[in-house]
Amino acid sequence: PIAVSRSYSIAAMGADGIGPEVVDAGVQVLSKLASLDGSFQLEFEDYDWSSDTYKKTGQYIPDGGLEKLKKHDAILFGAVGAPDVPDHLSLWGLRLAICQPFQQYANVRPTKIFRGTSSPLRNAEHGDLDWVIIRENSEGEYAGQGGRSHRGQPWETATEVSIFSRHAVQRIMEFAFEIAQKRPRKQLTVVTKSNAQRNGMVLWDEVALEVSKKFSDVKWDKMLVDAMTCRMVLDPKSIDTIVATNLHADILSDLAAALAGSIGIAPTSNLDPTRQNPSMFEPIHGSAFDITGKGVANPVATFWTASEMLAWLGEEEAAKKLMDAVETVTEKGVRTRDLGGSAGTQEVTDAVCAELERVF
Ligand code: ATP
Ligand code: MG
């Protein structure tokens, strides 16, 4: 039922810290874009689920909340995490509590160097780094399996068990090959650590080989995760699409965001490729309480997030126009402090809206 109609219902959930500020900015540019375009409609519904509601009610998600959320076509999410709530509680209480029941098993993180911005890599510039990292988002090292014995004793032990099922490895691998196939270079790197981890990671290697046979036009290679970090820094142009486990891709995508210049620009999509549930789109940065309420948060990550959301909903053309407008504004020098500028959140938002007016 999702993505057939040209009117989309979006759940806007800013949650914690700068989340509400950047989601508000995202809703502003999306509303502007939809009204200028005129060929599709966006309806937003605000959700105030956050660490504040958790502190007041003991729940991040109210009773019956997920059923209500499920009715939307997509979720535009801000960030979760508060200084006075342990991180694992907030993460499992809200983000994963949506990702897991909604079967958002594919996490997609595009990375590139924007026009007019610089990368910490000495020789890399716009166009040299254009990656999509696909993260297995349902199991692996973050399956939540394990336990502790002999708490507090010198002989205490803890286990953190990784789960790799053929079912989940196969579906993420197929998804990754499909994404790679749609990109111009048709190239995929499968990242594992199968020299040291001899069960789950070897399963990944085997499934990759099987799935690759269905995608004969995709050029693919295998890489150990440690070697991959070196390649990302030393030879970024040789990389296009990457698929990796929950933990490995988590780390690689932070590295990727840093290499692209700022954590304030990078988006991530939590997708249910079966489209039975709404997918969730969010900037990769966290709640950033150090800058909350100051009006200086970079909204660009959320704009790119919004663009990814539109593309997923089938509005590819509008998605491209939005990204173009954002890059033009960044290139012109209307940037927040993390990108070396002095503009505030609203200034960047207004500039993107004005650029959209100009191109339509
Ligand atoms: P979390 O635990 O929620 O991931 P964190 O503190 O580990 O939070 P972030 O919230 O992402 O990580 O913040 C890391 C640093 O990056 C902070 O100094 C923050 O101010 C900065 N930062 C994060 N997002 C933005 C943004 N959108 N614009 C500007 N600076 C940002
Ligand atoms: Mg963090």
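Any read-out appearing in this document is the output of simple, stated calculations on the displayed coordinates, not a laboratory observation. All values derive from a computational prediction rather than experimental measurement. Reconstructed Cβ throughout: ideal geometry from the backbone, glycine too, with neighbour counts over all protein chains shown.
Can you tell me how much longer the chain between Lys56 and Lys294 gets when fully stretched, taken as 0.36 nm per residue apart minus their C-alpha distance, in nm with one decimal? Please report the intermediate quantities before stating the final value.
Numbers: separation 238, 0.36 × 238 = 85.68 nm, distance 2.45 nm.
Value of the extension gain: 83.2 nm.
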Problem - Size of charge dipole - segment 219-340 - debye, nearest 20, with Cβ of Lys, Arg +1 and Asp, Glu -1, no other charges - result: 200 debye
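Within the P(r) computed for segment 248-360, what percentage of the Cα pairs occupies the region above 22 Å? Spell out each step's value before the answer.
Working: 2249 of 6328 pairs.
The proportion of pairs with Cα distances above 22 Å equals 36 percent.
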Problem - Residues of type lysines that Lys237 reaches as a straight line, Cα spacing below 19 Å, ignoring anything fewer than 8 places off in the same chain - result: Lys112, Lys182, Lys186, Lys219, Lys222
Practice task
Obtain the nm distance between the two label points defined at His150 and Thr274 by a simple spin-label model: each point lies 7 Å from its Cα along the Cα-to-C-beta direction.
Solution key: 4.3 nm
Handout entry: Peptide ranges 38-51, 20-33 listed from the most packed, as the mean C-beta count within 10 angstrom indicates
Key = 20-33, 38-51
Practice task
Would you work out the charge dipole size for the chain about its Cα centre, treating the Cβ of every Lys and Arg as +1 and the Cβ of every Asp and Glu as -1, and quote it to the nearest 20 debye?
Solution key: 760 debye
Problem - Dimensionless Rg ratio for segment 204-254, taking C-alpha atoms and the 2.2 N^0.38 Å reference - result: 1.20
Fill in the blank from the handout: Two pseudo-spin positions, 7 Å from Cα along C-beta at Arg183 and at Leu36, lie apart in nanometres by 2.8 nm
Problem - Unit Cα scatterers, Debye sum, segment 1-90: log10 I(q)/I(0) for q = 0.14, 0.16, 0.17 Å⁻¹ - result: -0.56, -0.70, -0.77
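How big is the Kirkwood radius of segment 52-172, worked out from every pair of different alpha carbons and given in Å to one decimal?
18.2 Å
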Problem - Enclosed volume per residue, in Å³, of the convex hull spanned by Cα atoms of segment 146-261 - result: 130 Å³
Exercise for the section: Give a quick list of GluC sites (Glu not before Pro) in segment 93-199 that DSSP marks as loop, anything other than H, G, I, E or B, with at most 14 other Cβ atoms within 10 Å. Expected result: Glu125, Glu156
Problem - Those residues of segment 152-180 whose amide nitrogen sits under 20 Å from the label point placed on Ser212, 7 Å along Cα→Cβ - result: 166-180
Exercise for the section: Determine, from the Cβ-Cβ distance of Arg122 and Ile163 and an R0 of 41 Å, the FRET efficiency 1/(1 + (r/R0)^6), rounded to the nearest 0.05. Expected result: 0.55
Fill in the blank from the handout: Non-local residues with an amide H under 5 Å from the amide H of Glu141, with H modelled 1.01 Å from N and Pro and chain starts lacking one, are Ile163, Asn246, Leu247
Completion exercise
The simple spin-label model distance between Leu91 and Asp324, using points 7 Å out along Cα→Cβ, in nm, is 3.9 nm
Practice task
Express in % the proportion of alpha carbon pairs of the chain at distances exceeding 32 Å.
Solution key: 31 percent
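Taking the DSSP beta bridges in the chain as the whole, what percent of them are antiparallel, to the nearest 5? Provide the component values of the computation, followed by the final result.
Working: 20 of 47 bridges.
DSSP beta bridges in the chain are roughly 45 percent antiparallel.
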